[in-house]
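The values are calculated or read from the model by the stated rules, or taken from the named source; none is laboratory data. Since the model is a prediction, treat every value here as computed from it, not as a measurement. Ideal geometry is used to build each Cβ from the backbone, glycine not excepted, and the neighbour counts take in all protein chains shown.
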Amino acid sequence: MRRVITLYRSSVGKKVAMAVSGLILFGFVVGHMLGNLKAFESHDGVGPHPLDAYAEFLREVGYPLIPEYGLLWGFRIVLLAAVGIHIVAAVQLWRQSRSARGKGYRKETSQVFSYASRTMRWGGVIVAAFVVYHLLHFTTGHAHPEFEYGNVYDNLVIGFQNPLVAGFYLVAVGALCLHLYHGLWSIFSTLGVQNPRVDRIRRPLAAVLSIGLFVGYAVVPLAVLAGILT
Amino acid sequence: MKLTLHVWRQSGPRDEGRFETHRMDDVSPSMSFLDLLDMVNETITLEGGEPIAFEHDCREGICGSCGMMVNGVAHGPDDLITACQLHMRSFEDGDEIWIEPWRADAFPVMKDLVVDRSAFDRIVEAGGYISVRTGSAPDAHAVPVPKPDADRAFDAAACIGCGACVAACPNASAMLFTAAKAAHLSYLPQGQTERLERAMGMVATHDEEGFGNCTNHGACQVACPKGISVDYIARLNRDLMKATLTGVGMEGSGGD
């Protein structure tokens, strides 16, 4: 533990914390997208919708070996810890960098590689704000007009029938994928991977994964607005 | 060529500083950028003013002293050169040029365009060396070095410590400098003994000096007059992780 703290004290260690927590959150984002696509699975009208059944599965998985909700809360705690570490390290790093240049340039010409890298901080804030709204919307139902616990598919369709809600969702998912584009590329450098063969695929890999995720997330509200999911 | 120059003037470290505008009429496209500043200084001196202070030494791109921001770009608009190698043919007649010192709190402005880069020296002192017995030089082939490693070490050793990486970095981070100074040793057999302590010491000093941290923008690599790659930063990160997680840093230099 002392060694981990020594690592965390350096700026590189904080970057490592960001990379590792970011990787955990990326894993969640992929799993969540795959789960969402269950909304497109055909439903014969008998029994719960496949998306509802999947939600039920998440609540009960492992039962009776572990209590109901056990694994779900386990995951939630890991995710919450990852979000916490990611934000705390980001704020500490941002403060370090902000105080490193008290007086800026009169004439600024940006030489950075990508738009994504310049928008990491504000993009992260947008994503964090969206996550809070999203939990109130679809998990607790506080921000949902006709929330019914357990009826995930109905909640989703009714929620996205409001074009404003769907629009905000698309903007937030876009911000998330831009954030991931720079994040996925950065992880390799931060974690010290330097292999010419890996280097060649870093950019394309980050692009394919982030665009793939954007498409995977965006199709759901778009399908609701287009009347495909009812 | 006719040019309008806005030059940062600051009489000393405590002065607030301001831009001073100079209109130059007879600028030759074959002049170097420092020739232009010399020309401006001649005019200022003839008028009884204080000439613009700027650092320069070799005027051939190897000493690393002539760094300045030209229109917001470290060492000016051309790639892979220092300000002394920049020529006025890279500008258009009638251009306005903003000339500023490197901006980073770890590089305090001493006067006009001159900054104090001794924070770099302290990063090198914290590990950018190898401990060997001195004496007569060993035979060149006594320690075999694979060619690819020698090339990578040499590419890193091309760093002239000019500070353009810090100046260009949106975070004012000196990770490219630090990584290059660590890598030119860590690719060679002689650099292995103190490799992990070196990473610990140099990164700790980098942070203490008040530089920002690396967010992988890559602006440093674009700004570097020697084209040093950000890949070296990944190597330094790995060495630092290894050093802390294996406990090397506990008793070594620069630990906690």
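Considering every residue within region A:70-89, establish whether at least one is in a loop (DSSP other than H, G, I, E, B), under 23 Å from the mean Cα position of the chain (by Cα), away from chain B (no Cβ under 13 Å) and surrounded by 15 or more Cβ atoms within 10 Å (Cβ to Cβ).
No, because not a single residue in region A:70-89 is in a loop (DSSP other than H, G, I, E, B), under 23 Å from the mean Cα position of the chain (by Cα), away from chain B (no Cβ under 13 Å) and surrounded by 15 or more Cβ atoms within 10 Å (Cβ to Cβ).
Residues that are in contact (Cβ under 8 Å) with a residue 40 or more places away in the chain and not β-branched (Val, Ile, Thr): list the helices (runs of 4 or more DSSP H) wholly contained in region A:1-69 that include at least 3 such residues.
In region A:1-69, A:11-36, A:50-60 are the helices (runs of 4 or more DSSP H) which contain 3 or more residues that are in contact (Cβ under 8 Å) with a residue 40 or more places away in the chain and not β-branched (Val, Ile, Thr).
To keep it simple, each residue is scored yes or no on (1) modelled with pLDDT of 90 or more; (2) closer than 26 Å to A:Lys15 by Cβ; (3) part of a loop (DSSP other than H, G, I, E, B).
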| residue | (1), (2), (3) |
| --- | --- |
| A:Ala116 | yes, yes, no |
| A:Arg121 | yes, yes, no |
| A:Val127 | yes, yes, no |
| A:Tyr133 | yes, no, no |
| A:His137 | yes, no, no |
| A:Pro145 | yes, no, yes |
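One line per residue, one yes/no per condition, for (1) under 16 Å from the mean Cα position of the chain (by Cα); (2) within 29 Å of B:Asp78 (Cα to Cα); (3) within 10 Å of another protein chain (Cβ to nearest Cβ):
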position: B:Asp139; (1), (2), (3): no, no, no
position: B:Ala142; (1), (2), (3): no, no, no
position: B:Asp151; (1), (2), (3): no, yes, no
position: B:Ala156; (1), (2), (3): yes, yes, no
position: B:Lys181; (1), (2), (3): yes, yes, no
position: B:Gly191; (1), (2), (3): no, no, no
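One residue is enough: does region B:28-35 have a residue meeting the conditions of a type outside the set (Gly, Ala, Ser), closer than 15 Å to B:Val115 by Cβ, surrounded by 12 or more Cβ atoms within 10 Å (Cβ to Cβ) and in contact with a strand residue (DSSP E or B) (Cβ under 9 Å, 6 or more places away or on another chain)?
no
So how many residues does region B:215-235 have that are closer than 24 Å to B:Arg103 by Cβ and either part of a helix (DSSP H, G or I) or touching a Leu at 6+ places or on another chain (Cβ under 8 Å) (or both)?
14
Name every residue in region B:29-56 that is over 28 Å from the mean Cα position of the chain (by Cα) and in a loop (DSSP other than H, G, I, E, B), in order of residue number.
Selection gives B:Glu47, B:Gly48, B:Gly49.
Output the qualifying pairs, or none if there are none: Cβ atoms under 6 angstrom, residues six or more apart or on different chains, first residue in region A:134-159 and under 20 Å from A:Leu222 (Cα atoms), second residue of a type in the set (A, V, I, L, M) and in a loop (DSSP other than H, G, I, E, B).
The qualifying pairs are A:His137/A:Ala143; A:Val157/A:Leu229.
Please tell me if B:Asn171 is at pLDDT 95 or above, at the interface with chain A (Cβ under 10 Å from one of its Cβ atoms), under 24 Å from B:Ala74 (Cβ atoms) and not in a helix (DSSP H, G or I).
So B:Asn171 fits the description; yes.
What's the number of the only condition in (1) under 30 Å from B:Thr21 (Cβ atoms); (2) crowded, with 18+ Cβ neighbours inside 10 Å; (3) within 13 Å of chain A (Cβ to nearest Cβ); (4) touching a Gly at 6+ places or on another chain (Cβ under 8 Å) that B:Ile99 fails to meet?
(4)
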